[in-house]
Each structure stands twice: as structure tokens, then as C-alpha cells.
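The values are calculated or read from the model by the stated rules, or taken from the named source; none is laboratory data. No experiment lies behind these values; they were computed from the predicted model shown. Glycine also receives a Cβ, built like all others from the backbone with ideal geometry; neighbour counts cover every protein chain displayed. Note: accessible area is taken over every heavy atom of the protein model, side chains too, but ligands, DNA and RNA are not part of it. Shrake-Rupley method; radii C 1.70, N 1.55, O 1.52, S 1.80 Å.
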Amino acid sequence: MFIKGIKRNYDKINADDSIADADKIDALLLALGKDYLIDQQDRVYVFRKGDLTVKFDAKHARAYHFKEYVVKDMNKLFHGF
């Protein structure tokens with residue numbers, strides 16, 4: 001997944017006032033990984049592509065307004081997707 005695509009999705013979700021601030025990280029995860037989501041329970045998301053499986057606990061995510069760090073986290077999470 002490319003950084004530009006992550007930043008574009010981040011900005012789109014950040015500008016969407018219909019999404020509560022507390023739900024923005026979840027919206028970003030779903031926007032980036034909706035095609036790979038295999039499980040979601042209590043804000044813990046599991047994504048799989050081929051043999052690669054990744055897990056992200058949104059309850060312990062960085063604050064959404066730290067764009068640089070959130071984008072880096074998403075890039076690490078979806079590296080290889």
C-alpha cells in the first residue's frame with residue numbers, strides 16, 4: 001500500500017465531520033483494509049492477504065490528530081498489502 005493512498009484516506013476521513021473523533025481510526029482501518037478484514041471484535045481488527053496476517057487494536061491507537069504517526073503506523077500495518 002502506498003503512503004500517498006494512506007494520506008489521501010486519512011485526509012478524507014479527517015475532513016468528514018459525520019465521523020466522531022473517537023471513531024476515525026476505525027474508519028481509516030476499514031477504508032484501507034476493507035478487502036482484507038477477516039475478524040473484528042471489540043475494536044481489534046485482523047486483516048489477511050495471502051499468508052500475511054496482521055492485527056491492530058484500535059483501543060490503544062495513537063490519537064488521530066497525530067497524522068504523521070498514524071500514517072506511519074498504517075504503513076507498517078499494511079506493508080505488503
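Suppose the filter is closer than 22 Å to residue 80 by Cβ and open to solvent by less than 90 Å² (accessible area, probe 1.4 Å); does residue 13 pass it? In short, no. The set of residues in the stretch 31-81 that are touching a residue at least 12 places away in the same chain (Cβ under 8 Å), assigned to a helix (DSSP H, G or I), open to solvent by 30 Å² or more (accessible area, probe 1.4 Å) and not small (Gly, Ala, Ser) comprises 59, 67, 73, 75. Residues in the stretch 17-30 that are open to solvent by 50 Å² or more (accessible area, probe 1.4 Å) and not hydroxyl-bearing (Ser, Thr, Tyr) were compared, and the one that is farthest from the chain's Cα centre (by Cα) is 17. Give me the residue from the stretch 1-10 that is over 18 Å from residue 63 (Cβ atoms) and either in a strand (DSSP E or B) or hydrophobic (A, V, I, L, M, F, W, C) (or both) and, out of that set, most open to solvent (accessible area, probe 1.4 Å). Among them, the one singled out is 2.
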